[in-house]
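Participant: Got a structure for you, questions after.
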There are 2 protein chains.
Amino acid sequence: MNSNFTLHPQLAAECIVVGDLPFARVLLNNDANYPWLILVPRKPALVDLIDLADDDQIRLLREVSGAARALKEITRYDKLNVAALGNQVPQLHVHVIARFRSDAAWPNPVWGRAPRKAYDAAACERLLDLVRKELKIAVM
Amino acid sequence: MNSNFTLHPQLAAECIVVGDLPFARVLLNNDANYPWLILVPRKPALVDLIDLADDDQIRLLREVSGAARALKEITRYDKLNVAALGNQVPQLHVHVIARFRSDAAWPNPVWGRAPRKAYDAAACERLLDLVRKELKIAVM
């Protein structure tokens, strides 16, 4: 399944790889404003959700739900945001974002609001560890 | 399944009811800037995607995909946007939006960009007819 998969360079530049679930690569968006995972199905040439066959859509949904439950467990968010937009990065990817009434964009969607704020190394490692533990992902 | 379901007043105010699929009510957002459907599972007390049981998540996904395919067939969009945000309207609902490189918000997400532009009656009826036909929804 991996053979022709390459992560889009913008996702690679802006995110840290958490690891691989059976269907999707899990990324942590390097923006400390919001705990924000991104799931990228490891198949080539996907743009829209409906480019996936029905059973693959379900596999992706299961992993998106797992990522959401992990963020809930770790952050106790106020609200979950899930979105597949891809107007700027055309590789199919799903945002799974923990939102708080106190966060930098609330109650608006996160895109285009607060300037990106990179994690400091310790906070990043801590969050990666927690997410990997929740998702049972081994360190790559 | 319908007994305790009531559409959130803001969704009722801003949208036109397309009709019911087996699981979700389908709305047309009354914003002619974008062909924009909204699916609302007809169950009470849902906020986040993961409030749904796994099998209900799949039922919702199937209907979201169907709505996306309908919009693709009708509009030949450039890009599909799918999102469950709900920071302002806490009733679980999924946006299914046909995007064009020429639209009022491209390449940004639609929220908070262009002022809402209500459909004229004829254009609205035409689009409702097409969506109902694609989704095999009878007029309510």
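Participant: For the range B:73-140, which whole-number percentage of the solvent-accessible area (1.4 Å probe, protein heavy atoms only) is attributable to carbon and sulfur atoms?
Facilitator: Using a 1.4 Å probe with all protein chains present, the range B:73-140 comes out at 52 percent carbon and sulfur.
Participant: In degrees between 0 and 90, to the nearest 10, how far off the longest principal axis of chain A does helix A:54-75 point, with axes built from Cα atoms?
Facilitator: 20
Participant: Still on this structure, please answer the following. Compute the FRET efficiency between A:Ile16 and B:Cys124 as 1/(1 + (r/R0)^6), taking r as their Cβ-Cβ distance and R0 = 45 Å, and round to the nearest 0.05.
Facilitator: The calculated FRET efficiency here is 0.50.
Participant: At a probe size of 1.4 Å, how large is the accessible area of B:Arg116, to the nearest 10 Å²?
Facilitator: Near enough 120 Å² of accessible area.
Participant: Additional query: Considering only A:Lys72, A:Lys117, A:Lys43, give the residue with the highest GNM mean-square fluctuation for chain A, with springs between Cα atoms whenever their separation is below 10 Å.
Facilitator: A:Lys117
Participant: According to a simple spin-label model (label point 7 Å from Cα along Cα-to-Cβ), what is the distance in nm between B:Ala53 and B:Arg116?
Facilitator: 3.5
Participant: Another question, then. Give me the 1.4 Å probe accessible area per residue for the protein assembly as shown, excluding ligands and nucleic acids, in Å².
Facilitator: 44
Participant: Can I ask one more? Enumerate the lysines that B:Lys136 could reach by cross-link, defined here as Cα to Cα under 25 Å, with residues fewer than 8 away along the same chain left out.
Facilitator: Excluding near neighbours in sequence, the set is B:Lys43, B:Lys72, B:Lys79.
Participant: From the convex hull of the Cα coordinates of the range B:63-140, what is the mean projected area in square nanometres?
Facilitator: Computed as one quarter of the Cα hull surface, the answer is 6.0 nm².
Participant: Please work out how much accessible surface A:Ser102 shows to a 1.4 Å probe, ignoring ligands, DNA and RNA, in Å² rounded to 10.
Facilitator: Near enough 100 Å² of accessible area.
Participant: In whole Hz and in residue order, list the ³J(HN,Hα) couplings for the range A:24-40 that follow from phi through the Karplus curve 6.51 cos²θ - 1.76 cosθ + 1.60, θ = phi - 60°; x for Gly and Pro.
Facilitator: After applying 6.51 cos²θ - 1.76 cosθ + 1.60, I find 10, 7, 9, 10, 9, 5, 7, 9, 6, 5, 8, x, 9, 9, 10, 9, 10 Hz.
Participant: Please report, to one decimal in angstroms, the Kirkwood hydrodynamic radius of the range A:1-71 built from all distinct Cα-Cα pairs.
Facilitator: 12.7 Å is the Kirkwood radius here.
Participant: Using a probe radius of 1.4 Å on protein heavy atoms only, what is the accessible area buried between chains B and A, both sides summed, to the nearest 100 Å²?
Facilitator: The contact between A and B buries close to 2900 Å².
The values are calculated or read from the model by the stated rules, or taken from the named source; none is laboratory data. As the structure is a prediction and not an experimental result, all values here were calculated from the model. For neighbour counting, all protein chains shown are included, and Cβ atoms are generated from backbone atoms with ideal geometry for every residue, glycine included. We work out accessible area using only protein heavy atoms, side chains counted, and drop any ligands, DNA or RNA first. Shrake-Rupley method; radii C 1.70, N 1.55, O 1.52, S 1.80 Å.
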